[in-house]
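Student: Below is the structure I would like to discuss, written out as structure tokens.
The values are calculated or read from the model by the stated rules, or taken from the named source; none is laboratory data. Treat the numbers as computed from the prediction; the structure is a model and nothing was measured. Heads up, the Cβs are rebuilt from the backbone with ideal geometry, glycines too, and the neighbour counts pull from every protein chain shown.
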Amino acid sequence: MGVAGLLSVLVLLIGLGSALIHRHRAEAAADLAALAAAGQAASGVAASCRAAERVAARMGVAITSCRLDGWDALVEVRARANGPLPFVVPVVARARAGPAE
């Protein structure tokens, strides 16, 4: 009973650690995609979102939302979290980037 309980706790901790890592990676990808989109804001929404999609694809996430609000780019990404736990759900992260006020 003691070994089984210890293994259960270990698997749970590994799963939580994995989820935390995937969350941070998704947030970093959203930040970089938003920066890429903001860098192309003068070229319009289509060019901005294409730049964000290129960055997101390289980071292994998918863009679920991309828009411009003035010169600010707002991006949402979704990443599939892998781990030892069967109930791990996709990770969603949002970012905003633009010129300093």
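Student: Return the only residue of LEU20, LEU12 being without any contact (Cβ under 8 Å) to a residue 24 or more places away in the chain, among the hydrophobic types (A, V, I, L, M, F, W, C) and part of a helix (DSSP H, G or I).
Tutor: On the way: LEU12 fails: without any contact (Cβ under 8 Å) to a residue 24 or more places away in the chain.
Among LEU20, LEU12, only LEU20 is without any contact (Cβ under 8 Å) to a residue 24 or more places away in the chain, among the hydrophobic types (A, V, I, L, M, F, W, C) and part of a helix (DSSP H, G or I).
Student: Hey, another quick one. Only one of these conditions is not met by ARG54: (1) farther than 16 Å from ALA79 by Cα; (2) at pLDDT 95 or above. Which number is it?
Tutor: Here ARG54 meets the rest and fails (1).
Student: Just checking, does the range 84-95 include any residue being touching a Leu at 6+ places or on another chain (Cβ under 7 Å) and surrounded by 11 or more Cβ atoms within 10 Å (Cβ to Cβ)? Steps first, please.
Tutor: Going through the range 84-95, the residues touching a Leu at 6+ places or on another chain (Cβ under 7 Å) turn out to be none.
The answer is no; no qualifying residue exists.
Student: Quick check on the range 84-94: of everything there that is aliphatic (A, V, I, L, M) and more than 9 Å from the chain's Cα centre (by Cα), which residue is modelled with the highest pLDDT?
Tutor: To start, the set of residues in the range 84-94 that are aliphatic (A, V, I, L, M) comprises 85, 88-89, 91-93.
After this cut, where a residue has to be more than 9 Å from the chain's Cα centre (by Cα) as well, the list is 85, 88-89.
Details: LEU85: 58, VAL88: 65, VAL89: 73.
Top of the filtered list is VAL89.
Student: A further question follows. Go through the range 59-76 and give me each residue that's under 23 Å from VAL91 (Cα atoms), modelled with pLDDT under 95 and loosely packed, with under 14 Cβ neighbours inside 10 Å.
Tutor: GLY60 - this is the single residue of the range 59-76 that is under 23 Å from VAL91 (Cα atoms), modelled with pLDDT under 95 and loosely packed, with under 14 Cβ neighbours inside 10 Å.
Student: In contact with a helix residue (DSSP H, G or I) (Cβ under 7 Å, 6 or more places away or on another chain), assigned to a loop (DSSP other than H, G, I, E, B) and either at pLDDT below 90 or surrounded by 14 or more Cβ atoms within 10 Å (Cβ to Cβ) (or both): is that true of ALA81 in this structure?
Tutor: Yes: the conditions hold for ALA81.
Student: Inspect all residues belonging to the range 36-54 and state whether any of them is closer than 29 Å to GLU101 by Cβ, aliphatic (A, V, I, L, M) and in a strand (DSSP E or B).
Tutor: Residues of the range 36-54 that are closer than 29 Å to GLU101 by Cβ, as a first pass: 36-54.
Then keep just the ones that are aliphatic (A, V, I, L, M); that gives 36-38, 41-42, 45-47, 51-52.
After this cut, where a residue has to be in a strand (DSSP E or B) as well, the list is none.
Checked against the condition, which is being closer than 29 Å to GLU101 by Cβ, aliphatic (A, V, I, L, M) and in a strand (DSSP E or B), the range 36-54 yields no hits at all.
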